[in-house]
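This report concerns only the one structure given below.
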Amino acid sequence: MKSRYITLLLVLTVGIETAVAQEERFMSLYIYNFTKYLEWPVETIKNTEFIIGVYGNSNMSKELSPLIGGKKIGNLSIKVKDVSNAGDFKNCQIVFVAKEKTPEIKSLAQNLSGLSVLMISEKPGFCSDGAHICFVLKNGNLNFEISKSNLTKSHISANSALFSLGTIIN
């Protein structure tokens, strides 16, 4: 009897871990595809790389790195980098903020005020605190909220098609 409970617990744990891994994989696909609909001011890109920073979730780095390996945005090579503080964000074009770091979004947004750094949260509702895009689950499907006003404040232009794919938050 005890072994059945242990087996059931293992099956449930593996199922949950698989679902989380799949969700992270989908988020990484979204992040890469966002770059196709967004445009950063030319003067804000200071080197030959387009940097996607990951703050607080090394699993996202592991999902993003193979996906973007060798890909470019324009003539810029894409690089995924783990970032540990707001000072590192300033070298990024995109920063993904993991769930455990979302309480810091308001202060991060203040530190990045006026800079063209796209902040993406994996927690819904944080566009009101300064994130540009927040992932949400709707009826079991991954979707996103997008803030037009936060994009405008950061001087990041978006193709109108992106707004039709997500939920607009202002």
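Computed from the coordinates by the stated procedures, all read-outs in this text should not be read as laboratory data. The structure presented is a predicted model; accordingly, all values stated were derived computationally and were not measured. Note: ideal-geometry Cβ built from the backbone for every residue, glycine included; neighbour counts use all protein chains shown.
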I'd like to verify a number: residues in segment 22-77 that are assigned to a strand (DSSP E or B), without any contact (Cβ under 8 Å) to a residue 60 or more places away in the chain and over 10 Å from the mean Cα position of the chain (by Cα), how many?
7
Just to be sure I understand, how many residues within segment 147-170 are in contact with a helix residue (DSSP H, G or I) (Cβ under 8 Å, 6 or more places away or on another chain), part of a loop (DSSP other than H, G, I, E, B) and surrounded by 14 or more Cβ atoms within 10 Å (Cβ to Cβ)?
1
Testing ILE120 on (1) within 16 Å of the chain's Cα centre (by Cα); (2) over 15 Å from ILE31 (Cβ atoms), one condition comes back false. Which one is that?
(2)
Based on what the data block shows, is GLN110 on the phi < 0 side of the Ramachandran plot and surrounded by 17 or more Cβ atoms within 10 Å (Cβ to Cβ)?
no
Among the listed residues PHE96, PHE135, PHE144, identify the single one that is outside any loop (DSSP other than H, G, I, E, B), in contact with a Leu (Cβ under 9 Å, 6 or more places away or on another chain), within 27 Å of THR48 (Cα to Cα) and not aliphatic (A, V, I, L, M).
PHE96
